[in-house]
Amino acid sequence: MSKSTRVLGAALGAVALTASLTACGGDSLEQTKDGGSSASAPSEGGKGGKLVIGAAGFTESNVLAELYAQVLRDAGYSTSITTVNNRELYEPSLEKGEIDVVPEYAATLAEFLNAKVNGSKEATDKPVASSDVAATVAALEKLAAPLGLKALAAGSAVDQNAFAVTKEFAAKNNLKTLSDLGASGLKVKIAAGDECAVRPFCAPGLKKTYGIDVSGIDPKGVGTPQAKQAVKDGADQLVLTTTTDATLDGYGLVLLEDDKKLQNADNVLPVVNAKDAGAPEVAAALDKITKALTTADLVELNRKVDAERAKPADVAKAYLESKGLVKK
């Protein structure tokens, strides 16, 4: 299952604690088809010690974990990757030092920790995440530190809720942004999860922020093939997916820009166990990836794995070498 089911409820602490419907959200980062956990063999080397990288089991997380593991290996660490498909399990493991580093999403993790630390009701009443990435990361850092965690710098790559229409529909109605859609006065039916009807980042947010006339919800899931096909076929006009969905072009779909920033800042960032992986050398190695990686890069990396059936390790290696981030 892709992360496209993770983003929708990232801003609601209570939702994030049970199933971060999304961020960028549906089922979320926490849920995949298989469940459980697995581990890869440690890499050779290891002058800097051993580090365990956590992955959440969906394509994007697996690729990010490989990027982290390989750049840290290049920096002299012995690395292995452990897959734990549920944030409720891997976050405590990160606190305990059983996992040293995980790729995360700023807003979703901030609200997860908000609910964990302050309780679901308090988190729902007082969310800490917003569309402001700096403020969201600052809130995350404040929540993470007492738990022995350290959130490193966030980059420009972001995986958050996004809405797409067919290229033909966009061209016919001169649509480039969600504001354009609202101003058009067109009625749209949204292919999404049924929770879209009540989630603040879906139908209610589209109506309130953009004035979009939502005529109904077609409960086909977040970013699923069925949802995208429904829009391609014209049964629906708008599909809820994510900014790193690598399959949109295959359905003839295009994203509309969230120009008023309805969605929370689910920028990608590494989170580490402060005691075991808080060294400046670890942060420096990971920061090379953070600074280089873009949302477009994530889309292409996801596409290579999902469409071309390439292995995450091979895709990560090729990317790091192309950017000069590791030695060939």
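The values are calculated or read from the model by the stated rules, or taken from the named source; none is laboratory data. Being a predicted model, the structure only gives us computed values, none of them experimental. Note that we place each Cβ from the backbone using ideal geometry, even for glycine, and neighbour counts take in every protein chain shown. Accessible surface is based on the protein model in full, side chains and every heavy atom, while ligands, DNA and RNA are left aside. Shrake-Rupley method; radii C 1.70, N 1.55, O 1.52, S 1.80 Å.
Could you state the accessible area per residue of the chain in Å², with a 1.4 Å probe and every protein chain left in place?
Working: 13400 Å² over 328 residues.
With all protein chains present, the chain gives 41 Å² per residue.
Report D for the range 182-308 in µm² per second (integer): Stokes-Einstein, Kirkwood Rh on Cα pairs, 25 °C, 0.890 mPa s.
147
In the structure shown, do any of Lys121/Lys207; Lys207/Lys323; Lys228/Lys288 have a Cα-Cα gap over 30 Å, and if so which?
Correct reply: Lys207/Lys323; Lys228/Lys288.
So how much accessible area does Asp100 have, in Å² to the nearest 10, using a 1.4 Å probe?
Answer for Asp100: close to 10 Å² accessible.
May I ask you to give the percent of accessible area on the chain that is carbon plus sulfur, with a probe radius of 1.4 Å?
Answer for the chain: carbon and sulfur cover 52 percent of the accessible area.
Give me, ordered by chain and number, the residues 5 or more places off Lys50 or on other chains with an amide H under 5 Å from its own placed amide H.
The answer is Ser78.
Local charge sum around Ala318 (other residues, Cβ-Cβ under 15 Å, Lys/Arg +1, Asp/Glu -1)?
Values: positive: Arg303, Lys304, Arg309, Lys311, Lys317, Lys323, Lys327, Lys328; negative: Glu66, Asp74, Asp297, Glu300, Glu308, Asp314, Glu321.
Summing Lys/Arg as +1 and Asp/Glu as -1 gives +1.
Give me the percent of DSSP beta bridges within the chain that run antiparallel, rounded to the nearest 5.
In the chain, approximately 55 percent of DSSP beta bridges are antiparallel ones.
Just to be sure I understand, if you calculate mean projected area of the Cα convex hull in nm² for this structure, which of (i) 15.1; (ii) 18.0; (iii) 18.8 do you get?
(i)
Return the sequence-ordered ³J(HN,Hα) values of the range 209-216 in whole Hz as given by the Karplus equation 6.51 cos²θ - 1.76 cosθ + 1.60 applied to θ = phi - 60°, using x for Gly and Pro.
For the range 209-216, the Karplus-derived couplings read 7, 10, x, 6, 8, 8, 8, x Hz, x marking Gly and Pro.
May I ask for the net charge around Lys207, where only other residues with Cβ less than 14 Å from the Cβ of Lys207 are counted and Lys, Arg are +1 while Asp, Glu are -1?
Net of charged neighbours comes to +4.
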